[in-house]
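Novice: Take this structure first; my questions come after.
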Amino acid sequence: MDRRRFLTLLGSAGLTATVATAGTAKAASTGTFPGYKDSYGVLHDTTRCIGCRKCEQACNEVNKLPAPKAKFDDLTVLEKTRRTDADSWTVVNRYNAAGLDHPVFRKQQCNHCLEPACASACFVKAFTKNPDGSVTYDGSLCVGCRYCMVACPFNVPAFQYAEAFDPLIQKCTMCHPRLAEGKLPGCVEICPKEALTFGRRKDLVRIAHDRIRQNPGRYIDHVYGEQEMGGTAWMYLSGVPFSATGMNEELGTKSAPEYTAGALGAVPMVVGIWPILLTGAYAITKRKEKIAAEEQAEAVKQAVAASRAEADDKLKAALAKADKDKEAAVTREVKKAVDEARKTFEEELAAKEQPEAPEGDDAGKPGEDA
């Protein structure tokens, strides 16, 4: 058993034991859940897929996801194997299988397990297995622990690492809102080769086996997803071993919660402590966030008070300087007025003290008697 599978089972076991409830969290029970009776699913016939990426484009448009770096008609992206991420809820990969003179294309997205391991691992019940067969996610409940990513046997849930604030898990919803409106999933609707067939899961199982029986040379005798991990809503047909198309054929037929029924008896202490530790870690995290918020608010309050005090001091200094300047200006103007008045007085006084010339003062001047 590899590390990922061990964590998958352990995470599902501990969390399932404490938080599983009926209804939306039926998948989180320790018993088995065969799936809703009339739930829907999709049958992906990889022998019909041509790798056109139309399904990727439809998914992007229906779910209003960010535009991809490479346009959807750019098939060079098929040169390397991709996986779903926060902005790409479905991807098509190309595989070169031994013995074939042509490539095989397979679409990847959430398989919407009948008993989803993600729902079992989620201790805040952010995942819901719906009666229509889809597994949906409520981001408002998510605490960002990412145990769903560890638990998923198909490596599907993706995290918004690029989001600085409130990053969430992203994955295919099987177009749950469109199903509620009576519409087909976007990828199924657009597929030009009918490589995707939507319908009730029990009917899809029958259709898949009919195709195998009628075309034994075209398909291997295996409907992937009919039994894997307890069954999935998405199922696959292939002409080559599924391992040749990147699919894990060693998952077994038991769902994650069914595996954990034994684990619960074998390691009761671990199973009991696991959710307590997680809950405690969650409480501690929330407490730290509260303290950090309080400290930040106090720091802001002190900064505002300091700024206000500094502003008051500057205002007082400015007013004092203005008063001083005003007083100096008044003194200067008064002095100027006094100086001008003194000057005027002295000029008038000097004028009055100047002796007047006597009348006829010009008689007897030489030459005037002739």
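Novice: Within the stretch 73-112, count every residue that is closer than 23 Å to C175 by Cβ, among the acidic types (D, E) and outside any strand (DSSP E or B).
Specialist: Residues flagged as closer than 23 Å to C175 by Cβ, among the acidic types (D, E) and outside any strand (DSSP E or B) within the stretch 73-112 amount to 2.
Novice: Output the residues belonging to the stretch 67-96 that are surrounded by fewer than 16 Cβ atoms within 10 Å (Cβ to Cβ) and in contact with a Gly (Cβ under 8 Å, 6 or more places away or on another chain).
Specialist: Within the stretch 67-96, L75, T81 qualify.
Novice: Do you know which residues across the stretch 116-130 are under 17 Å from M235 (Cβ atoms) and either among the basic types (K, R) or open to solvent by 10 Å² or more (accessible area, probe 1.4 Å) (or both)?
Specialist: K129
Novice: Exactly one of (1) crowded, with 24+ Cβ neighbours inside 10 Å; (2) among the β-branched types (V, I, T); (3) under 15 Å from the mean Cα position of the chain (by Cα) is unmet by V135. Its number?
Specialist: Going through the list (1) crowded, with 24+ Cβ neighbours inside 10 Å; (2) among the β-branched types (V, I, T); (3) under 15 Å from the mean Cα position of the chain (by Cα), V135 breaks only (3).
The values are calculated or read from the model by the stated rules, or taken from the named source; none is laboratory data. Here the structure is a predicted model, which is why all the values come from computation and not from measurement. Positions of Cβ are backbone-derived with ideal geometry, glycine not excepted, and every protein chain shown enters the neighbour counts. Just the protein is used for accessible areas: all its heavy atoms, side chains included, with ligands, DNA and RNA removed. Shrake-Rupley method; radii C 1.70, N 1.55, O 1.52, S 1.80 Å.
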